[in-house]
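Asks: I'd like to ask you about the structure that follows.
The values are calculated or read from the model by the stated rules, or taken from the named source; none is laboratory data. All values derive from a computational prediction rather than experimental measurement. Here the Cβ positions follow ideal geometry from the backbone for every residue, glycine too, while neighbour counts run over all protein chains shown. Ligands, DNA and RNA are stripped out before the accessible areas are found, and what is left, the full protein with its side chains, is counted by its heavy atoms. Shrake-Rupley method; radii C 1.70, N 1.55, O 1.52, S 1.80 Å.
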Amino acid sequence: MSRHARQLRDQDINPCVAETDASRKCMDDNNYDKDVCTAYFLKYRNCRKFWHNIMMQRRRDGVKPEMPTAEERKKMLESM
């Protein structure tokens, strides 16, 4: 597996791995009919938007790492 592919599968780097997998599975199961998988695409888009905003805020605040680790993200979501 290439370095880039490993990064995409890394929970600490990519917070939306589950949403990615769900949308791909939907596409596979439904013969790549995008209309059937719209809900999965929206969940993925919302996930990316949410964590991108968190990352940008941390960058503005000077917090490192800019993307919270998987454990930090879990605690953040539980507190909401």
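Asks: Restricting the range 12-56 to residues that are exposed (fewer than 15 other Cβ atoms within 10 Å of the Cβ) and among the small types (Gly, Ala, Ser), which is farthest from Glu71 (Cα to Cα)?
Replies: Only one residue tops the list, namely Ala39.
Asks: Right, next: Note down all Cβ pairs under 6 Å where the first residue falls in the range 1-30 and is over 13 Å from Cys47 (Cα atoms) and of a type outside the set (A, V, I, L, M, F, W, C), the second is outside any helix (DSSP H, G or I) and open to solvent by 70 Å² or more (accessible area, probe 1.4 Å), and they're at least six residues apart or on different chains.
Replies: Close Cβ pairs (under 6 Å, with a partner that is outside any helix (DSSP H, G or I) and open to solvent by 70 Å² or more (accessible area, probe 1.4 Å)) amount to Gln7/Ile13.
Asks: Also, quick follow-up: Every residue in the range 33-80 that is touching a residue at least 40 places away in the same chain (Cβ under 8 Å) and under 18 Å from Asp21 (Cα atoms), please.
Replies: The one that is touching a residue at least 40 places away in the same chain (Cβ under 8 Å) and under 18 Å from Asp21 (Cα atoms): Ala70.
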